[in-house]
1. Note down the nm distance, to one decimal, between modelled labels 7 Å out along Cα→Cβ at residue 45 and at residue 66.
2. Return 155, 10, 39 ranked ascending by Cβ neighbour count within 10 Å, so the fewest neighbours appear first.
3. For a quick check, take a GNM of the chain with Cα springs below 10 Å and name the residue from 103, 67, 153 with the largest mean-square fluctuation.
4. Of the candidates 125, 51, 85, which one comes out as most mobile in a Gaussian network treatment of the chain with C-alpha springs shorter than 10 Å?
5. Using Cβ counts within 10 Å as a stand-in for footprinting exposure, how do 76, 66 rank, fewest first?
6. Calculate how steeply helix 91-113 sits against the longest principal axis of the alpha-carbon atoms of the chain, using the helix alpha-carbon long axis, and give the answer as 0 to 90 degrees to the nearest 10.
7. For the chain, what does the helix formula give at 222 nm: sum of -39500 (n - 2.57) over DSSP H segments with n ≥ 4, over the residue count, nearest 500 deg cm²/dmol?
8. Work out the FRET efficiency for residue 152 and residue 8 from their Cβ-Cβ distance, taking R0 = 30 Å, and round it to the nearest 0.05.
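Each value in this text was obtained by applying a stated rule to the coordinates, not by laboratory testing. Not measured: the values here are computed from a predicted model. For neighbour counting, all protein chains shown are included, and Cβ atoms are generated from backbone atoms with ideal geometry for every residue, glycine included.
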């Protein structure tokens, strides 16, 4: 399966990565999780514009987030969290941005493991363009681990009935 992940899958992994980084960086985990959930919600209205599309598309994220949250009990808190994320000034916002970046690198490694060889050419670009922009030491460490890891290890090295020869 070589399809790109959707916004829901991406946000789910960003939330888990952000939780891990929040613990490592001693940040407010509750705030980080909420911010991770709202960080790309505008894409449900604007679509996900990748690096090739960005020069040609004008997105109105501010209008999208206001329209999404208007009239809900979440409006005040989550609009503030979205704005904080966009400014990247707090530790929590930096952690969520790092998690967003890391998830893209995870997806690239997974696609590569599925046989999409041209993706490996992006490694140098990702190091120059994104690795250097990571805010936290923990994120840089995870980025390095992603580059040297095998995305299949989670199930090929796990204990399972074929490996242990136990009857289940």
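1. 0.9 nm
2. Working: 155 8, 10 20, 39 23.
If I rank by nearby Cβ atoms, fewest first, I get 155, 10, 39.
3. Most flexible of the set in this elastic network: 153.
4. Answer for the Gaussian network model of the chain: 51.
5. Values: 76 10, 66 14.
Going from sparsest to densest Cβ surroundings: 76, 66.
6. For 91-113 against the chain, the angle is about 40 degrees.
7. Numbers: 10 runs with 106 residues, N = 168.
Counting only the DSSP helices, I get -19000 deg cm²/dmol.
8. Details: r = 23 Å, r/R0 = 0.77.
Given R0 = 30 Å and the Cβ-Cβ separation, E is 0.85.
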